[in-house]
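A.B. asks: Before I ask anything, let me first share the structure, which is written out below as structure tokens.
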Amino acid sequence: MKDSIVDSAKFSRKDVRTLSFLFLFGIFLSSPAAVAKIPPSIKESAREPIKYVGGVKCDKRYYDGRLRYAIGVHSYQAMRSNRTKPPEGGMIGWTYNHQPYLCYWNGRYYLEYLSNLTGEHIPPGRTLLMTSKDGLNWSNPRVLFPKYALPHINGDYPDIGHVELPAGTFSVMHQRMGFYIAPDGRLLTLAFYSFCPTPFRGPNNGQGLGRVVREVYEDGTFGPIYFIRYNRHAGWNEKNTNYPFYKESKDKGFIKACDDLLADKLMTLQWQEEDMADDGFFAIGVKDQYKAFSWCHRPDDVVVGVWKNQKSALSPDNGKSWTRIRENKSLMCCGAKTWIQKTDDGRYALVYNHSATEANRFPMTVMTSDDAHIFDDLLCLNGEVPPMRFFGMHKNYGTQYFRGIVEGNGNPPGDYIWNTYSVNKEDIWVTRTPVPIRGTVAQHFSQDFEKASDESELSMWNLYVPKWAPISIVEDPAPLSSGEDRKGGNKCLELRDEEPYDYGIAQRAFPESKKVTVEFRIYIAKVGSSFLSVEVQDKSGYRPMCLRFDDRFLMMDRFNVDPDSLPIEVGKWYHIKMKLDCGKNEYSLYVNGKEIHNDIEFARTDRVKSLERLVFRTGPWRGDVRQFIMEREPATKAIYVEDLYGTDDKSPVSIYLIDDVKTK
């Protein structure tokens, strides 16, 4: 449902959903194929509200799980943490960054995340905000909710015991909700102030101070901070907190927006695990703590809710009551968040870590459904996990804590799903996935980049773009060759890399082929510390060959031993053609029309039966993670990892240009 429907009519959210359902039902009567499949009744599906029926599973030894990739996914690093040159400003950068949230409001994207100085549960904590016009290139962070000095705490708390903290101890924050667009169009942003009695006890056990709220104005400024709900059962109220209750605001419109939020049982159910009050405010009791609530409406208008740890339930009345919370046994969760949403094509997507170990917070996967009940087609969205650059308590490796745009919080232009998440709990990323979601293509391609104004228009390419390894469309810098006519210019794809611990990737799928010819032109503009690898892979990421370009040689063997390298030059275009044959386990290489080798053997470690993707990567492959895998990692994970050397400074730049890419 587009947000323009809500904005243009003065209906409540319930009215809009009811009208939308009636509209879809009318379409169903006239054209059954035009709407999503109606799921089984609540009674039939309540025992296991979500089922994964696909046979594809992850391989725990690899960051991408050896999965096929969804086509056209673009992943951008929105915020790169930096200890000595922080993007958020200040003398010292805060390197624990986690729990991000997204919304789309008045033509802009908004991203909120929490931050601690070094590790999880370690004070001080605060919440920051970034904005973007396109969802891919983000502003520097600004502090949204600052660090908070606690009064003297001396008390007993359920499930925690006696706690005594001296006055002036800083709080930490915990996020289970980021934004709310009120019916009148106001944008509210929220956070939760709490504290941890020890680094091993979380801030979301009911002992926290409460939830704060402030308004974000269209000009980019913020309104005053208020508490929208105190944890009164834990002893916090108007008299012992630093911010007033929202009812004290002189802005009646702001008070009304807060009242509307408090009346929304789905939005506020996200608060339950931090609040833990047994006062009837939540439709689910506090006997059991259910974490990180996400939801969507099925085709029959029943709400399906999902929580961490494979939990889900159904609600027939928009969150006022729920079926018994059940475990989805077919999902392979790892303790991180699960995201569910309806997509613009009328189907459904579930984004989470389909983990093979219950500990790996990778890969980032998606599965799809016609009815929000039966899910299939497990695909990888992001299979990259760079090294953790900074030490810290409770820092898990991987892409984790996925969140999209909640129902009612905006619908950006274009047919995409948007997700934000943290990587290694230190960097914030955003991924844009085209809808419909698919893992294969039917036709070979020829790409010259002339029609693309920037890289975001490369709808069939998968891009992985760190801040310091950007990918862009640029003009050809090479001088004209004899007889060449370039009046209209020549555009090409640039991979630039100054990132000491990560790389950029441009990847293009083609039809699964036992034999394939791959061609492209390459221009080596500058070689610093990053070399370019070019691989043709199968559906699972097995890579039987690798071309490696630097400032002196083109190497053709995966292990750089044989055959002999070919001398090349910087500042010159080269035409590369490869004929790959999986039956013979070999390929032939042609450079500028001349055959260089006709029998280069595939790597014996990666035998493949077919090939289907071409990968340009500004660094060596790092997919095998067996040395890092532990079935159940300790709570102190990453506390013994030292900060990596030179992570705060760019490395010498490498620049590679790609053009005229084709397969057949």
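A.B. asks: Identify the chymotrypsin sites (Phe, Trp or Tyr not before Pro) of the stretch 413-453 meeting these criteria: DSSP loop state and at most 16 other C-beta atoms within 10 Å of the C-beta.
C.D. replies: Phe445
A.B. asks: While we're looking at this one, here's another question. Treating only the Cβ of Lys, Arg, Asp and Glu as charged (+1, +1, -1, -1), what charge dipole size does the stretch 267-402 show about its Cα centre? Round to the nearest 20 debye.
C.D. replies: Dipole magnitude for the stretch 267-402 comes out near 460 debye.
A.B. asks: Then there's this: With label points built 7 Å along Cα→Cβ from the Cα atoms of Leu566 and Arg622, find their separation and express it in nm.
C.D. replies: About 2.9 nm, to one decimal.
A.B. asks: Right, next: If you average 1/r over all unlike Cα pairs in the stretch 156-283 and invert the result, what Kirkwood radius do you get in angstrom?
C.D. replies: Computed over Cα pairs of the stretch 156-283, the Kirkwood hydrodynamic radius comes out at 15.4 Å.
A.B. asks: What residue among Val527, Phe375, Phe192 has its Cα farthest toward the positive end of the dipole of the chain, where the charges are +1 on Lys, Arg and -1 on Asp, Glu, each on the Cβ?
C.D. replies: It is Phe375, whose Cα lies furthest towards the positive end.
A.B. asks: Right, another one. Would you please name the trypsin sites (Lys or Arg not before Pro) within the stretch 101-205 that are DSSP coil residues with at most 12 other C-beta atoms within 10 Å of their C-beta?
C.D. replies: Lys133
A.B. asks: Additional query: Can you pull out the chymotrypsin sites (Phe, Trp or Tyr not before Pro) in the stretch 539-588 whose DSSP state is coil and whose Cβ has at most 14 other Cβ atoms within 10 Å?
C.D. replies: In loop regions of the stretch 539-588 (DSSP not H, G, I, E or B), the sparsely surrounded chymotrypsin sites (Phe, Trp or Tyr not before Pro) are Phe559.
A.B. asks: Sticking with this one: Less than 11 Å Cβ to Cβ from Asn598, Lys/Arg counted +1 and Asp/Glu -1: what total charge do the surrounding residues give?
C.D. replies: Residues near Asn598 contribute -2 overall.
A.B. asks: Short version: ³J(HN,Hα) in whole Hz for each residue of the stretch 310-324, in order, from phi by Karplus 6.51 cos²θ - 1.76 cosθ + 1.60 (θ = phi - 60°), x for Gly and Pro, what are they?
C.D. replies: 6, 8, 7, 7, 10, 10, x, 9, 6, x, 6, 8, 9, 5, 4
A.B. asks: So what is the relative contact order of the stretch 547-590, in percent, for Cα pairs below 8 Å that sit 6 or more residues apart?
C.D. replies: Working: 50 pairs, mean separation 11.0, N = 44.
Worked out over the stretch 547-590, it gives 25 percent.
A.B. asks: For the stretch 446-663, what is the relative contact order in percent, using Cα pairs closer than 8 Å and at least 6 residues apart in sequence?
C.D. replies: Averaging sequence separation for qualifying contacts and normalising by length gives 30 percent for the stretch 446-663.
A.B. asks: A further question on this structure: Among the lysines, select those whose C-alpha is under 21 Å from the C-alpha of Lys579, and discard any that sit fewer than 8 residues away in the same chain.
C.D. replies: The qualifying lysines are Lys514, Lys515, Lys539, Lys594, Lys609, Lys662, Lys664.
A.B. asks: Now for a separate question. From the backbone phi of the stretch 232-247, what are the Karplus-calculated ³J(HN,Hα) couplings (6.51 cos²θ - 1.76 cosθ + 1.60, θ = phi - 60°) in whole Hz, Gly and Pro given as x?
C.D. replies: 5, 5, 9, x, 9, 7, 4, 7, 10, 10, 8, 10, x, 6, 4, 5
A.B. asks: Which of the lysines could a cross-linker span from Lys425 if the Cα-Cα distance has to be under 24 Å and same-chain partners fewer than 8 positions apart are dropped?
C.D. replies: Result set, ordered by chain and number: Lys60, Lys85, Lys147, Lys291, Lys308, Lys311, Lys337, Lys395, Lys467, Lys637, Lys650.
A.B. asks: Nothing charged except the Cβ atoms of Lys and Arg (+1) and of Asp and Glu (-1): what's the magnitude of the dipole of the chain about its Cα centre? Round to the nearest 20 debye.
C.D. replies: Computed about the Cα centre, the dipole is about 1060 debye.
A.B. asks: OK, next. Among the aspartates and glutamates, which fall within straight-line cross-link reach of Lys584, defined as a Cα-Cα distance under 14 Å, with same-chain neighbours fewer than 8 residues apart omitted?
C.D. replies: List returned: Asp599, Glu601, Asp606.
A.B. asks: Over the chain, what is the relative contact order in whole percent, taking alpha-carbon pairs under 8 Å and six or more residues apart?
C.D. replies: 15 percent
A.B. asks: To continue, here is another question. Using a 10 Å Cβ count of at most 15 others and DSSP loop calls, identify the longest part of the chain lacking such GluC sites (Glu not before Pro).
C.D. replies: By the stated rule (loop sites, at most 15 other Cβ atoms within 10 Å), 1-217.
A.B. asks: Between Lys320 and Asp59, what is the label-point separation in nm under the 7 Å Cα-to-beta-carbon projection?
C.D. replies: 5.2 nm
A.B. asks: Enumerate the whole-percent occupancy of each 5 Å bin, from 0 to the last occupied one, for all C-alpha pair distances of the stretch 446-663.
C.D. replies: 1, 6, 13, 17, 19, 16, 12, 7, 4, 2, 1, 0, 0, 0
Just so you know, all these numbers are worked out from the coordinates, no wet-lab data involved. No experiment lies behind these values; they were computed from the predicted model shown. Every residue, glycine as well, gets a Cβ built from its backbone with ideal geometry; the counts of neighbours run over all protein chains shown.
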